[in-house]
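First the structure, in the form of structure tokens, and then the observations on it.
The values are calculated or read from the model by the stated rules, or taken from the named source; none is laboratory data. Given the structure is predicted, the values throughout are model-derived calculations rather than measurements. For neighbour counting, all protein chains shown are included, and Cβ atoms are generated from backbone atoms with ideal geometry for every residue, glycine included. Note: accessible area is taken over every heavy atom of the protein model, side chains too, but ligands, DNA and RNA are not part of it. Shrake-Rupley method; radii C 1.70, N 1.55, O 1.52, S 1.80 Å.
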Amino acid sequence: MALMNRQEYIESLRRLDIKVYMFGELVENPVDHPIIRPSINSVAMTYELAHDPLYEDLMTATSNLTGEKVNRFCHIHQSTEDLIKKVKMQRLLGQKTAACFQRCVGMDAFNSVYSTTYDIDKEHGTHYHDNFLEYMKLVQENDWTVDGAMTDPKGDRSLSPSQQDDPDLYVRVVERREDGIVVRGAKAHQTGSINSHEHLIMPTIAMGPEDRDYAVSFAVPTGSKGIYMIYGRQSCDTRKLEGGTIDVGNSEFGGQEALVVFDDVFVPNNRIFLNGETEYAGVLVERFAGYHRQSYGGCKVGVGDVLIGAAALASEYNGVPKVAHIKDKLIEMMHLNETLYCCGIACSAEGYPTEAGNYQIDLLLANVCKQNVTRYPYEITRLAEDIAGGLMVTMPSEKDFMHPELGPVCEKFFKGNANVPTIDRAKILRLIENLTLGTAAVGYRTESMHGAGSPQAQRIMIWRQGNLEHKKELAKNIAKIGK
Ligand code: SF4
Ligand code: FE
């Protein structure tokens, strides 16, 4: 089954033995839960579009491992063209879902584990890369969604993993057995965890020799014994329980984050990709972060496209599409959004082959990309709220609009442009609310800040990668210093 379709993906989730809690209760049927289902629909779009001839070139690729056609989300990048297509695919999916479609964390993990395991084996004579190649074949054959899981809870940020009072605040090996390892700990704010067939775990920080038990990477089925999740709340999430379609802003799609707990989970030897080689923990983190910072130059831009479109429609529905300052604000929004896209494309075009043979993005440019993402969506959001007007946050509910007596009152007093049904105005304002303040704000606004690493993490990388010495030499040359 090389390429699952949308329905096959959704049905495959029903077969996973997932343990997830929400609002203090075990969720009986995650697939049909009204709060979870929109996030499943977003991932399902990655399967649906792979079957659309219009998007085949972006959504699929030829596997370097088997020669088969695979979903690009399961692909090991073979060229800068692959890297560019990845970003274009993410923009497309952002446009189609206006949400986080979750599957990129797996794709970014595959590509970073691929090259890192190769490097470790070369130095240590281990067999992690072989393990990983076999694992990747399974991923591609089954067209799995895999949650690339990096972020540990971290406890006291001033202390290393092994210095924490509670040793479980970073995922660690608690037992080494003949046939594998037993791991304990948790990964926080995990994107798409409940919607993933598998979890691919990586360390979250550079480590020293004393952190040996924490330098671990492995893959396990999501339904493995000992794994459970606690669902992350999103602003306005219980609106999805009300049964309507307008107040939720985006009734079909959404994102998903969860705390994933590993309560003594067994990992067999053939699914271990790092086990104690502490000096490679930081390498893996850097590569994964780099790929995911590239990703934001695609997905956030696609969601930004929807937000800009919504703001433009709001201006029309408000009756002011031709006012000069509105036009100028829309221009600014597009300029900012396309700047992010430029960064995503640039770090891809400047990519290079690793020793393992797959392609790595330009790390400096990927970090610049994500640094801009920590800012521009905030400005785009601010301008969208400016154009939308205050009604976006003061409007009565869908039930009032549908009420036999209150409905006509809402219709009369919330009318804008006479040629536009008032309910359409309400819909577009709710969409803007969803993207800027509601459930999707997790995936657009706040995730722009913290997803793929908080701003300071990129600034450290920019400092390291920026080659200041070379710049100083340039200045000395021109100023004729030391000549
Ligand atoms: Fe993909 Fe963007 Fe979601 Fe990350 S935040 S998983 S890149 S859609
Ligand atoms: Fe993210």
query: For Asp57 and Asn29, what is the calculated FRET efficiency with R₀ set at 25 Å and r taken between the beta-carbons, to the nearest 0.05?
result: 0.10
message: Debye calculation, C-alpha points only, no solvent: report log10 I(q)/I(0) for the range 6-278 at q = 0.07, 0.14, 0.17 Å⁻¹, in the same order as the q values.
response: -0.25, -1.01, -1.40
query: Considering the chain, which cysteines have no disulfide-compatible partner, defined as another cysteine with its Cβ under 4.7 Å away?
result: Cys74, Cys100, Cys104, Cys236, Cys299, Cys342, Cys347, Cys410
- request: Counting only C-alpha contacts under 8 Å and six or more residues apart, can you give the relative contact order of the chain as a whole percent?
  value: 18
- prompt: Computed over the Cα atoms of the range 1-133, what is the ratio Rg over Rh, Rh following Kirkwood?
  reply: 1.02
Using alpha-carbon coordinates, inclination of helix 128-142 to the longest axis of the chain, degrees: 40
statement: Here FRET efficiency (C-beta to C-beta, Ser397 to Val420, R₀ 22 Å, nearest 0.05) is 0.65
message: If you filter the range 1-92 for GluC sites (Glu not before Pro), then keep DSSP loop positions with at most 14 other Cβ within 10 Å, what is left?
response: Glu28, Glu68
field: the range 367-472 - percent relative contact order, Cα under 8 Å, separation 6 or more
entry: 41
message: Over the range 283-473, what is the relative contact order in percent, taking alpha-carbon pairs closer than 8 angstrom and at least six residues apart?
response: 29
- prompt: Separation of the range 158-218 and the range 20-36 by C-alpha centroid, Å?
  reply: 26
- prompt: When you count, for each residue, the other Cβ atoms within 10 Å and take the mean per peptide, how do 320-327, 472-479 rank with the highest first?
  reply: 320-327, 472-479
- line: In Å², rounded to a whole number, the accessible area per residue of the range 6-278 with probe 1.4 Å is 38
- line: Taking Cα atoms, the helix 324-349 axis meets the longest principal axis of the chain at an angle in degrees (rounded to 10) of 20
Compactness of the range 289-448 - radius of gyration and Dmax, Cα, Å: 19.2, 70
- request: Measure off, as a whole percent, the carbon and sulfur share of the 1.4 Å-probe accessible area of the range 83-178, all protein chains present.
  value: 45
task: Using a 1.4 angstrom probe, figure out how much accessible area the range 299-361 has per residue, in square angstrom, rounded to the nearest whole.
output: 41
message: Counting only protein heavy atoms and a 1.4 Å probe, tell me what percentage of the range 283-473's accessible area is made up of carbon and sulfur.
response: 60
task: Taking the chain as the reference, fit the longest principal axis to its C-alpha atoms, fit the long axis of helix 455-465 to the helix C-alpha atoms, and give the angle between the two in degrees, 0 to 90, nearest 10.
output: 50
message: Could you order the peptides 12-24, 428-440, 328-340 from most to least packed, using the average number of other C-beta atoms within 10 Å per residue?
response: 428-440, 328-340, 12-24
message: For a protection proxy built on the mean count of beta-carbon atoms within 10 angstrom, sort 190-202, 261-273 highest first, please.
response: 190-202, 261-273
- prompt: With each pseudo-label sitting 7 Å past Cα toward Cβ, what's the Arg14-Leu159 distance in nm, one decimal?
  reply: 4.7
- request: With r as the distance between the Cβ atoms of Thr245 and Lys322 and R0 = 35 Å, compute the FRET efficiency 1/(1 + (r/R0)^6) and round to 0.05.
  value: 0.70
task: Would you mind giving the average projected area, over all directions, of the Cα convex hull of the chain in nm² with one decimal?
output: 27.0
task: Calculate the length of the line joining the C-alpha centroid of the range 241-314 to that of the range 426-447, in whole Å.
output: 17
